[in-house]
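Before any comments, here is the structure.
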């Protein structure tokens, strides 16, 4: 080898050696930090840390503007509620130990605990509770309507709270277990840091130093908490995962003790990683047939057309094709947890395209005469729209799809721009909530404000009748709505919450996340 | 040189202002009903209207833009509508995370590309062929697929590193390396492929120059010729491509941060844009525009330092 070639060879050798050394050093440095040492690893549960995944960041800690459901874990960590709900929805005492209604259910009197203090030292009393309730009623929470009938809230004495209602609210006690019942220190109202620095009386306090807003929220035990038996962990870590892939990777890497699954197709992999898939049904999915008076879609004004649409769909096939088989078919919008639920309504409309065609004929429509304009959104899979078009096409109803930007989709639907749509909505755990969300003329998801004498009469009984009368009316209302085909639900999709082998949890009726006190380390 | 820098800064400021105006108009034009998106499907129409008023969305567009500009001049970019965090805090806390990924990837690209480019150009033969094939493959495979593959192999199957999350350097230097190594590798591969090809091509061009033969004839070692002369001449085009890749990495990091759940600018950019979080998006747009303007300035200055001809022109 010539001297020049030898030098070049040596130079190349050094280049290769340098590259190799860099690679080895990097791998060694990373490899010597075991994944298990990171927050949220399985061993973390043993040292008293519960690490859970969430799919949204905390919008605000200001109770009057707070959101429930996906944000409930953040709020439950730092705030107490007036009442508690068991996993099955049963209302239990909490800050309020006793309560009673007057004869016409328009005045609710609650007896409060006297041994509770907010983390800023302010004492919790009836005055603080009244201020919180009125402020929530006047705020901009998505659940603000829960207190729409609250005329006033007053402190009779430090431990007695009186709520005066403009009309009975059969779901009020249930609502007071959620964000309307959260108790924030009145001293924190309107302060500059209120939205990011919670001051409550809850089991944990936000560790702002360890928290990365929008990504990771860390909470440490409130040392002065009045109910220490509810503090199952010394520390809570809530990591925000914005994609199903990130959740799956966190589960497979055993970085979290629990997380909601936004994609049920990952369930086999989740189970393969040793996690338990805890399922429940919180929503209904299918067609909303808004225009029951036929204002912009005349055919929908005919009940036989709406019934025909219900008969047109093979719900089992839809569940299998769109919902990967996770869920339960139904023709009703009522949750199995609500008093109005009737199992018979789940199978009220079997797949029967012949009957559908016959109904259309009876209604005076022959094949191809009906065209429904429906919005499409990237929020649902293309298969959903393709199958909708196919099933309706099979009975002679054409679908004119209008692609709507995700930013406008909800607003357009609620502004009554379309007579029907594919949509997934909450199957509310109480009948009254179902009515206020989807059925009454004032309900948001009744954008054409459909009025019906039978519905009004039954709703009145549900609102003001005895418990037995209300339950009977709720079932009758469910049956009536299904028979009138106000909706064409296909199925209730399974909402899945995954937990690791070290964590025990019970899913919460009506909520996407198990309540915080339901998480318990497995022994 | 000073007038060159001044001209660049003035044009950069104009660019940032223009981008801000266009971004603001586009966001509002395509924003839809932001209050409805913020409150969700169950909120009543009255609550949505109340929220719109609270956010100032019921004001005329020019008034909203004026308020935003006025706030910016007072150092107040507003607060995120979806996390309530001040925009400046959100950007500063996340910028360090993203820059650690992008700078890490840039350094890795620079080192590996120089090594591979020099090897391919000077050795030729099968080494050159292998480098070319690897470069082609690196260019063809999208970064997110590489990221997913790395997660499956090194984080899930082997368990060497955690699949998601980020550890601050101040918390644990080792944990920090552990948390960024896979994202950095995933980000780098495409860049390595491109810059390696550029270095290789520039090296081959330079090696064919007369001055190389002259230097060798004067008895300089090949190592000296390659490192001190050829590589320096070939570095200019490589640096230009590296600068372009740096800007590209700011785009690529968006997906990578999503996959690894890393709290960086990319992750928040995707979330804020899809939600319609206008204050945060505007802050990000301005911050990114300033970053890119500064980067281009640095690259131009570095080019001038490396090549006197650039300084003269």
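The values are calculated or read from the model by the stated rules, or taken from the named source; none is laboratory data. Since the model is a prediction, treat every value here as computed from it, not as a measurement. No Cβ is skipped: glycine too gets one built from the backbone with ideal geometry, and neighbour counts run over all protein chains shown.
Taking the conditions exactly as written (surrounded by fewer than 24 Cβ atoms within 10 Å (Cβ to Cβ) and more than 12 Å from chain A (Cβ to nearest Cβ)), does residue B:251 satisfy them or not?
Yes: the conditions hold for residue B:251.
Restricting attention to the range B:81-108, and to residues there that are out of contact with any helix residue (DSSP H, G or I) (no Cβ under 8 Å at 6 or more places or on another chain) and assigned to a helix (DSSP H, G or I), which single residue is nearest to residue B:291 (Cα to Cα)?
B:99
Whether any residue in the range B:190-202 is part of a helix (DSSP H, G or I) and more than 24 Å from residue B:296 (Cα to Cα) is what I want to check.
No, there is no match, as no residue in the range B:190-202 is part of a helix (DSSP H, G or I) and more than 24 Å from residue B:296 (Cα to Cα).
Does residue B:210 satisfy being in the same structural domain as residue B:162 (by TED's automatic domain parsing), modelled with pLDDT of 85 or more, surrounded by fewer than 21 Cβ atoms within 10 Å (Cβ to Cβ) and out of contact with any strand residue (DSSP E or B) (no Cβ under 8 Å at 6 or more places or on another chain)?
Yes: the conditions hold for residue B:210.
Does residue A:177 qualify as being closer than 30 Å to residue A:466 by Cα and part of a loop (DSSP other than H, G, I, E, B)?
yes
State yes or no: is residue B:87 under 29 Å from residue A:66 (Cβ atoms), more than 8 Å from chain A (Cβ to nearest Cβ) and crowded, with 21+ Cβ neighbours inside 10 Å?
Taking the combined requirement at face value, the residue satisfies it.
Conditions (1) surrounded by 23 or more Cβ atoms within 10 Å (Cβ to Cβ); (2) in contact (Cβ under 8 Å) with a residue 60 or more places away in the chain; (3) more than 22 Å from residue A:480 (Cα to Cα), marked per residue:
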site	(1), (2), (3)
A:268	no, no, yes
A:277	no, yes, yes
A:287	yes, yes, no
A:291	no, yes, no
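Being surrounded by fewer than 22 Cβ atoms within 10 Å (Cβ to Cβ) and over 14 Å from residue A:390 (Cα atoms) is the filter here; which residues of the range A:293-320 pass it?
Matches in the range A:293-320: A:293, A:294, A:295, A:296, A:298, A:301, A:302, A:303, A:304, A:316, A:320.
In the range A:225-240, how many are closer than 10 Å to residue A:204 by Cα and touching a strand residue (DSSP E or B) at 6+ places or on another chain (Cβ under 7 Å)?
5
Select from the range A:338-367 the residues that are surrounded by fewer than 18 Cβ atoms within 10 Å (Cβ to Cβ) and under 17 Å from residue A:280 (Cα atoms) and list them in ascending order.
Of everything in the range A:338-367, just one residue is surrounded by fewer than 18 Cβ atoms within 10 Å (Cβ to Cβ) and under 17 Å from residue A:280 (Cα atoms), namely A:343.
Where residues in the range B:147-174 are touching a helix residue (DSSP H, G or I) at 6+ places or on another chain (Cβ under 7 Å) and part of a helix (DSSP H, G or I), which of them is modelled with the lowest pLDDT?
Looking only at the range B:147-174, we keep the residues that are touching a helix residue (DSSP H, G or I) at 6+ places or on another chain (Cβ under 7 Å), and these are B:147-148, B:150-151, B:154-156, B:159-169, B:174.
Then keep just the ones that are part of a helix (DSSP H, G or I); that gives B:147-148, B:150-151, B:154-156, B:174.
Details: B:147: 89, B:148: 89, B:150: 91, B:151: 89, B:154: 91, B:155: 89, B:156: 86, B:174: 89.
Only one residue tops the list, namely B:156.
Of all residues in the range A:233-243 being in contact (Cβ under 8 Å) with a residue 60 or more places away in the chain and farther than 19 Å from residue A:119 by Cβ, which is farthest from the other protein chains (Cβ to nearest Cβ)?
A:237
Exactly one condition in (1) out of contact with any helix residue (DSSP H, G or I) (no Cβ under 7 Å at 6 or more places or on another chain); (2) on the phi > 0 side of the Ramachandran plot is false for residue A:373; which is it?
(2)
Take residues that are facing chain A (nearest Cβ under 8 Å) and either closer than 25 Å to residue A:57 by Cα or at pLDDT below 90 (or both) and tell me which of the helices (runs of 4 or more DSSP H) falling wholly in the range B:29-80 contain 3 or more.
B:34-39, B:45-55
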